[in-house]
Amino acid sequence: MRTPVPDYLTELIEGCTADADGELASYIPELANVDPAQLAVAVCTPDGTVYAAGDADAQFTIQSISKPFAYALALRDRGLDVVLDHVGVEPSGDAFNEMSVESATGRPRNPMINIGAITTHSLVGNPAIPYEARAAVLIDGLSRFAGRTLDVDEAVLESEYATRYRNVALASMARSNDFIHVEPDEAVWGYTKQCSALVTARDLAVMATTLAGGGKNPLTGEQVVPQWVCRQVLSVMMSCGMYDAAGDWLSQVGIPAKSGVSGGILGALPGQAGIGTFSPRLDRFGNSVRGVQLFERLSGDMGLHIMELPAPSIDAIGARDESEDGRPLIAVQGPVIFSTAELALRRFAEIPDDERDVVIDLRMVTTMNSVGKRMLAEGVRRLKLDGREVELLLPRADFSLT
Ligand code: GLN
């Protein structure tokens, strides 16, 4: 048998092909030269399988989709407090190239709009390195997220840098308010280079899965950034990633995402999938028209909305309640997180007082987060404090509750 997923993606692409609405971005002269008919979708699973349809190997410059990754690298290099001192996390409600700063402090509102992204760029790497080296750290970081070495489109870099004045104005404002500590021209050059990295829809899907999977690249196995960084980045993508269409996007699509003016959209659904789309014509917010359509359909058809919760965790406890030798047995199964661990603890508490020996069977547990682990460990500790003999059945030698 052939898995039906590629056929589904091909149908998805065919359903959007005819739509020629929207305009190419033209404020970066070189971007007006691309073929507007290009259309692609790619989906990467947590174990690194990539499904793709359409022009999924066509290269385009990453543009604003680099912003969440620059934010991730800044968090990695400088820590949460320093980064928050320089860039906020509130949606701006303005276009991406507005002077969106907090009125009291002048702090850029968030890292997904240009003023915040140029500030974020300047926080990546050791503060003392020259600007060319900082840009190299950025391209290297983007490449690690993608799992391959990304090239830079020098023509787009030159074309955008030649028309850089609006971004220099934004950087100068951040510089004068002391949020950027380098020369505005240098920060904008590095940021523009970061935006000129060449990717495909396939790369976007892999980069998204790296974010969605806690920072580990599914192709190379490299832990690119720590897990806490991904939580922060995905949160900001959810509230600020689609410019001032963020509210519509959250309710219609419900996937943390980031779009760029060259026509890409990247979506990262925590723990489930990374998605990349590419189609150059943009709507009035600067988001790809057909990219938004692809995401809306994909999310609806595949139930990918982040608020569409999985079935209640009632099956977290297996049906068997007695061991072969007659001891009470509680079998925990599936993912152990707060809700399933709470149910297990309630079952522990229901074991009759006169049962001295109990068996806790964790062999069918699939994953356990730190909270789930702490809760079960506390339950076992309390059973023992009650004077019981607890036998723990674990799935693997390297798996423990401590
Ligand atoms: N490099 C572009 C700019 O700074 C990125 C903007 C975008 O993709 N929305 O204007």
Those residues of segment 169-196 which are more than 11 Å from the ligand (Cβ to nearest atom) and among the aliphatic types (A, V, I, L, M) amount to A169, M173, A174, I180, V182, A187
Quick check, is A42 modelled with pLDDT of 90 or more, part of a loop (DSSP other than H, G, I, E, B), touching a Phe, Trp or Tyr at 6+ places or on another chain (Cβ under 9 Å) and surrounded by 13 or more Cβ atoms within 10 Å (Cβ to Cβ)? no
So, restricting to helices (runs of 4 or more DSSP H) that lie completely within segment 216-331, which ones have at least 1 residues that are touching a His at 6+ places or on another chain (Cβ under 6 Å)? 289-302
Would you be able to say whether some residue in segment 247-259 is more than 16 Å from the ligand (Cβ to nearest atom), touching a strand residue (DSSP E or B) at 6+ places or on another chain (Cβ under 7 Å) and over 23 Å from V124 (Cα atoms)? yes
When only residues in segment 313-357 that are crowded, with 20+ Cβ neighbours inside 10 Å and over 32 Å from the mean Cα position of the chain (by Cα) count, which is nearest to R382 (Cα to Cα)? F348
Please name all residue pairs, on different chains or six or more residues apart, with Cβ atoms under 8 Å, provided the first residue is in segment 159-178 and is in contact (Cβ under 8 Å) with a residue 24 or more places away in the chain and outside any helix (DSSP H, G or I) and the second residue is among the polar types (S, T, N, Q) and within 11 Å of the ligand (Cβ to nearest atom). R164/T192
Of the residues G93, G79, G88, which is loosely packed, with under 15 Cβ neighbours inside 10 Å and within 18 Å of S122 (Cβ to Cβ)? G79
Go through (1) of a type outside the set (S, T, Y); (2) modelled with pLDDT of 95 or more; (3) away from the ligand (no atom under 16 Å from the Cβ) one by one and return the number of the condition A104 breaks. (2)
Scanning segment 58-101 residue by residue, the ones that are away from the ligand (no atom under 15 Å from the Cβ) and touching a strand residue (DSSP E or B) at 6+ places or on another chain (Cβ under 8 Å) total 6
Given the condition under 26 Å from G214 (Cα atoms) and surrounded by 17 or more Cβ atoms within 10 Å (Cβ to Cβ), answer yes or no: does some residue in segment 96-108 qualify? no
Counting only residues in segment 24-39 that are within 14 Å of the ligand (Cβ to nearest atom) and part of a loop (DSSP other than H, G, I, E, B), the one surrounded by the most Cβ atoms within 10 Å (Cβ to Cβ) is identified as I28
For the structure I just gave you, tell me whether R231 is within 16 Å of the ligand (Cβ to nearest atom) and surrounded by fewer than 16 Cβ atoms within 10 Å (Cβ to Cβ). no
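The values are calculated or read from the model by the stated rules, or taken from the named source; none is laboratory data. All of these numbers come straight from a predicted model, not from anything done at the bench. Counting neighbours? That spans all protein chains shown, and the Cβs are built from the backbone with ideal geometry, glycine included.
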